[in-house]
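To keep things clear, I will list the structure first and then write my remarks on it.
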Amino acid sequence: MSTEIAGPAASTQPGPGGSRPSRFGLPTAIALVVGSVIGTGVFGLPAALAPFGPVSLVAFVLVTIGALALAVTFGALSKRIPGSGGPYAYARDAFGEFAGFLNAWCYWITAWAGNAAIVVALVGYAEVFVNTEHNVGWSIVIALAGLWIPALVNLSGLRNMAVTQILSTVLKIIPLLFMATIGLFFVKSANFGAFNASGTSIGGAISAAAAIALFSYIGIETASVAAGRVRDPERNVGRATVLGTIGCAVVYVLGTLTVFGTVPNSSLRDTKAPFTDAANAIFGGEWAGQTVAIAAVVSGLGCLIGWTLIVGEMPMAAAKDELFPRAFLRTRGDIPSFGIISSTVLASALVVVSYTSFEQVFTTLVLLSVFTAVVPYLFSAAAQLFWLLVRGRRAEWPHLVRDGGVSVLALAFAFWALAGSGYQAVYYGSVCLLLGVPLYIWLKAGRGEYGEVKA
């Protein structure tokens, strides 16, 4: 299979201004994965899972297994297609331009809608210190600041982005590791409540909780999306993806267990800062909770810095193949400025609409982001399976069976996540997905591929 595809591979070549894109090594690639995966979502997740009860921990473990299968799949795909683009590049190479476009479109929506969800969780922790009355107007102001500060950091240059990403990753991991280890000694079984508090079947509760838990792992593919900026991508992208996912999994599962066991389920359902409540329950007073809240805000900003780069990288890779508007090729230095600015504007608008229209803002945005993320995940797993079945016949059978099994697991996991995301998420997600079709027709017509003559 050739790895020389026009758009994503072009990301390793000189950019629009004639200069090669800046590169970073394995530590920054791992920090990009961990920083993009662990945001404020994990700090708000226990509260979103609380209505299901401890059964959601089972869902979390199953999601973790699926996420690891996806991580291995992305690592294998990145060796064959080492340029930037990630799920877009894989789908385009395996299934053609339209599949590539739909993946780029879906993933782009995931990126800026996910940023809106991340910043909503960030606001919950920022309001431990300010706007304690939760005035909606001020919540929106804090959220908008949380979106535009990372945008400015990215626009200032890749070096600044890399430094802040590594620093914020270290600062966020320390308190989370503390809660995921020392906090386990303060767990009380009485706080867990009913095993299945959802009022539905255990299978239904696990499926629904899994769709929310999956949001915690969105971002495991970010090293592959920015592969054109990673040194030695054939080697480092796969390693960063798998190592980053394993590290996040340990922190997630144990940290959520600690919160469930230190905060009563009835209180956990109503809180906007569950890790803060857990820290206060462990140590008493408010200082511990405030420390965790600071870490959550730093974590959210670091996560948004990473995703703000990705939200420009994906459409730029597609624009190089004329599958996204050429405006997304505009850069400031070698940073995709138009993609960053336009996507941040859309995320800002979604935040305003969500605060004024939805009661459960965080959960609504999470489920929308999950649906639009799972579609590219599904296509990526299918692309790997396609390669193994059609083009990998010369591989040794034990390796073929192993890689095929991982791909099938990743594909089944993606379908399961789609089914569990709920009717509302499927409805809004499908509408967002299909809104891309007119854009695709317009782009193809502009290329004169339907018989039209270019102006």
Inset, instruction - Please state which one of G146, G86, G183 is crowded, with 20+ Cβ neighbours inside 10 Å, modelled with pLDDT under 90, out of contact with any Phe, Trp or Tyr (no Cβ under 8 Å at 6 or more places or on another chain) and not acidic (D, E). - result: G183
Inset, instruction - Among the residues of region 93-112, write down those that are farther than 22 Å from L367 by Cα and either of a type in the set (A, V, I, L, M) or not in a helix (DSSP H, G or I) (or both). - result: A94, G96, A99
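Mind listing just one residue for me: the one in region 197-245 that is among the basic types (K, R) and assigned to a helix (DSSP H, G or I) and, of those, nearest to V63 (Cα to Cα)?
R239
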Inset, instruction - For region 249-265, state whether one or more residues are farther than 17 Å from G86 by Cβ and outside any helix (DSSP H, G or I). - result: yes
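Quick one: which of F52, F95, F24, F101 is more than 16 Å from the chain's Cα centre (by Cα), at pLDDT 70 or above, surrounded by fewer than 18 Cβ atoms within 10 Å (Cβ to Cβ) and not charged (D, E, K, R)? Don't jump to the end; show me each part of the working.
On the way: F52 fails: surrounded by fewer than 18 Cβ atoms within 10 Å (Cβ to Cβ); F24 fails: surrounded by fewer than 18 Cβ atoms within 10 Å (Cβ to Cβ); F101 fails: surrounded by fewer than 18 Cβ atoms within 10 Å (Cβ to Cβ).
Going through F52, F95, F24, F101 in turn, just one is more than 16 Å from the chain's Cα centre (by Cα), at pLDDT 70 or above, surrounded by fewer than 18 Cβ atoms within 10 Å (Cβ to Cβ) and not charged (D, E, K, R): F95.
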Inset, instruction - For residues that are assigned to a helix (DSSP H, G or I) and surrounded by fewer than 23 Cβ atoms within 10 Å (Cβ to Cβ), tally how many sit in region 151-160. - result: 6
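Listed here are the residues, each with its yes/no results for (1) modelled with pLDDT under 85; (2) basic (K, R).
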{"position": "V292", "(1), (2)": "yes, no"}
{"position": "W307", "(1), (2)": "yes, no"}
{"position": "E313", "(1), (2)": "yes, no"}
{"position": "R330", "(1), (2)": "no, yes"}
{"position": "G333", "(1), (2)": "yes, no"}
{"position": "Q360", "(1), (2)": "yes, no"}
{"position": "A382", "(1), (2)": "no, no"}
Legend entry - Long-range neighbours under 6 Å by Cβ, at least six apart or interchain, first residue under 25 Å from R23 (Cβ atoms) and touching a residue at least 12 places away in the same chain (Cβ under 8 Å) within region 335-353, second β-branched (V, I, T) and assigned to a helix (DSSP H, G or I): I340/T308; S343/V311
Inset, instruction - Scan (1) assigned to a helix (DSSP H, G or I); (2) surrounded by 13 or more Cβ atoms within 10 Å (Cβ to Cβ); (3) not aliphatic (A, V, I, L, M) for the single condition N131 breaks and write down its number. - result: (1)
Inset, instruction - Any residue in region 123-144 that's within 20 Å of T291 (Cα to Cα) and of a type in the set (F, W, Y): show its pairings with residues that are at pLDDT below 85 and in a loop (DSSP other than H, G, I, E, B) at Cβ separation under 8 Å, as long as the two are six or more apart or on different chains. - result: Y125/T40; Y125/K272; Y125/A273
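The values are calculated or read from the model by the stated rules, or taken from the named source; none is laboratory data. In this text, all values refer to a predicted model and were calculated from it rather than measured experimentally. Using ideal geometry, Cβ is built from the backbone for each residue, glycine included, and neighbour counts are taken over all protein chains shown.
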